[in-house]
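Here it is, the structure in full.
The values are calculated or read from the model by the stated rules, or taken from the named source; none is laboratory data. As the structure is a computational prediction, the values presented were derived from the model and not from experiment. Neighbour counts are summed over all protein chains in view; Cβ atoms, including those assigned to glycine, are modelled from backbone coordinates with ideal geometry. Keep in mind that these areas ignore ligands, DNA and RNA; they rest on the heavy atoms of the full protein, side chains included. Shrake-Rupley method; radii C 1.70, N 1.55, O 1.52, S 1.80 Å.
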Amino acid sequence: MALKISDLSVGDWVRTKDGNVTVDIISPLEVVVMNDYGNLCACKIEDIEPIPITAEILEKNGFEPSSSYWSIYNDAGNHIEIWWNGDKWQLSVNSVEYTLCDLHWVHQIQHLMRVWGIDKEINL
């Protein structure tokens with residue numbers, strides 16, 4: 001997938017040739033990322049790739065597995081459910097409405113958690 005600057009937010013996990021990094025600064029021409037050692041590096045958007053979602057990443061970050069999906073709750077009792085349907089990840093958000101969409105990348109989960117008030121940093 002070719003990322004666009006508009007796909008990213010500060011704090012998102014992405015991958016560069018140097019490994020998994022977090023987005024630190026976004027400008028129209030480049031993205032500044034930080035590695036695990038706190039080093040900053042400016043990258044062109046074409047040199048950045050999204051990180052695919054895996055069951056291991058979900059479980060490592062507090063998503064509770066059940067027989068068919070992984071879920072996480074916010075303080076208001078709303079929850080996100082993510083499941084693998086055989087060829088793609090899908091999502092439902094249970095609050096006032098039931099929503100379904102396809103997911104592919106870790107940064108998409110980060111955005112959803114922020115919107116739904118789940119105050120948790122994703123770790124890889």
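Which of (1) modelled with pLDDT under 85; (2) over 13 Å from Ile72 (Cβ atoms) does Leu103 not meet, given it meets every other one?
(1)
Continuing with the same structure: Do we have Trp89 as open to solvent by 10 Å² or more (accessible area, probe 1.4 Å), of a type in the set (A, V, I, L, M, F, W, C), more than 23 Å from Ser9 (Cβ to Cβ) and out of contact with any helix residue (DSSP H, G or I) (no Cβ under 7 Å at 6 or more places or on another chain) here? Can you show your working first?
Working: open to solvent by 10 Å² or more (accessible area, probe 1.4 Å): yes; of a type in the set (A, V, I, L, M, F, W, C): yes; more than 23 Å from Ser9 (Cβ to Cβ): no; out of contact with any helix residue (DSSP H, G or I) (no Cβ under 7 Å at 6 or more places or on another chain): yes.
No: the conditions fail for Trp89.
Strands (runs of 3 or more DSSP E) wholly in the stretch 29-87 with at least 1 residues that are closer than 16 Å to Asn123 by Cβ - which ones? First the steps, then the outcome.
On the way: elements: 31-34, 40-43, 70-73, 79-84.
Ranges flagged: 31-34, 70-73.
Still on this structure, please answer the following. Being in contact with a strand residue (DSSP E or B) (Cβ under 9 Å, 6 or more places away or on another chain) and among the acidic types (Asp, Glu) is true for just one of Asp47, Asp87, Asp119, Asp75. Which residue is that?
Criteria check complete, one pass: Asp47.
Okay, next question. Just a yes or no: is a residue in the stretch 4-19 free of Cβ contacts under 8 Å to residues at least 12 places away in the same chain and over 18 Å from His111 (Cβ atoms)?
no
Then there's this: Of the residues Ile48, Ile26, which is open to solvent by less than 90 Å² (accessible area, probe 1.4 Å), closer than 15 Å to Trp105 by Cβ and out of contact with any Asp or Glu (no Cβ under 6 Å at 6 or more places or on another chain)?
Testing whether each residue is open to solvent by less than 90 Å² (accessible area, probe 1.4 Å), closer than 15 Å to Trp105 by Cβ and out of contact with any Asp or Glu (no Cβ under 6 Å at 6 or more places or on another chain) leaves just Ile48.
To continue, here is another question. So which residues in the stretch 1-23 are under 17 Å from Leu124 (Cβ atoms) and over 15 Å from the mean Cα position of the chain (by Cα)?
The answer is Thr16, Lys17, Asp18, Gly19.
Name every residue in the stretch 9-30 that is modelled with pLDDT under 95 and of a type in the set (A, V, I, L, M), in order of residue number.
Leu29
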